[in-house]
1. What number results when the radius of gyration of the range 45-199, computed over Cα atoms, is divided by 2.2 N^0.38 Å?
2. Less than 14 Å apart at the alpha-carbon level, and either on another chain or at least 8 residues along: which aspartates and glutamates does that give for Lys57?
3. Which of the peptides 83-89, 42-48 is most tightly packed, and how do the rest follow, judged by the mean count of other Cβ atoms within 10 Å per residue?
4. Can you work out the Karplus-derived ³J(HN,Hα) for every residue in the range 63-79? Use 6.51 cos²θ - 1.76 cosθ + 1.60 with θ = phi - 60°, whole Hz, and x for glycine or proline.
5. Under 12 Å Cα to Cα from Lys94, which aspartates and glutamates show up? Leave out anything in the same chain fewer than 8 places away.
6. Please arrange Ile63, Ile41 by counting, for each residue, the other beta carbons lying within 10 Å of its beta carbon, fewest first.
7. Skipping prolines and chain starts, which residues have an amide H placed within reach, meaning under 5 Å, of the one on Ala161, given they are 5 or more residues away or on another chain?
8. Order the peptides 157-167, 94-104 from the highest to the lowest mean number of other Cβ atoms within 10 Å of their residues.
Amino acid sequence: MKNLTVTLVLCFCMTCSMLKAQEKISAGQLGKEIYPALLVIDLQNDYLPHMSEGDKKTALDTINSAIGLFHKNNLPVIRIYHHDVLRGPQPGTKGFEYPKSVAIAGSDPKVIKQYQDAFAKTCLDSLLKARGVNTVFLCGLSATGCVLGTYFGALDHDYLALMLREGLISPETKQTDMIREICRTISFGSVKNMLNRKR
């Protein structure tokens, strides 16, 4: 029963994603110049041990490369943290923080959320709009949870949203693969080429 429910939810998400993407294509957004930001989601010490080892190995290297690329191009890197009031992790604790191996900078804007969608009841939308952003590249964890929730939140706020294909982490690799199938993704190489053309 649980597998059936998950399958139905993912099918619904896939349909919504395709419809939203089609709306943006028909509106010509893909033809406009992009002003991107990188959203790095929930790479916190408390959550990483519960994720697929296979996903982590590839994704963390890719995420660090993407962070470096955005920093080099003076483009926004937004670090997003999850905080559950009842279950934690609590801000200021080691479990709440990103590992030191993640290449974020102290100057990268920080958003703390309490919902899967990082746009829900946070300053994320106003922060992006203040920087002229119209496109978001999403990476982090979990692909089936907060990355997915924020992806749909971005679409709802009229951003072009693309998941960084090699920068996604889930509890199980097959879950990550499913998200790659149903959502719009882009490879790190394509992002790199796109940003090099903007310079």
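Each reported figure results from applying straightforward, stated rules to the coordinates on display, with no laboratory input. Here the structure is a predicted model, which is why all the values come from computation and not from measurement. Ideal geometry is used to build each Cβ from the backbone, glycine not excepted, and the neighbour counts take in all protein chains shown.
1. Working: Rg = 14.7 Å, N = 155, 2.2 N^0.38 = 15.0 Å.
Against the empirical 2.2 N^0.38 Å value, I get 0.98 for the range 45-199.
2. In chain and number order, the partners are Glu166, Glu172.
3. Working: 83-89: 11.0, 42-48: 20.0.
Listed from highest to lowest mean packing, they are 42-48, 83-89.
4. Calculated HN-Hα couplings, in order: 4, 4, 5, 5, 4, x, 5, 5, 4, 4, 8, 6, 10, x, 10, 9, 9 Hz.
5. Result set, ordered by chain and number: Asp46.
6. Details: Ile63 26, Ile41 31.
By the 10 Å Cβ count, ascending, the order reads Ile63, Ile41.
7. Counting only residues 5 or more places away or on other chains, the set is Val136.
8. Details: 157-167: 22.0, 94-104: 13.9.
Descending mean neighbour count gives 157-167, 94-104.
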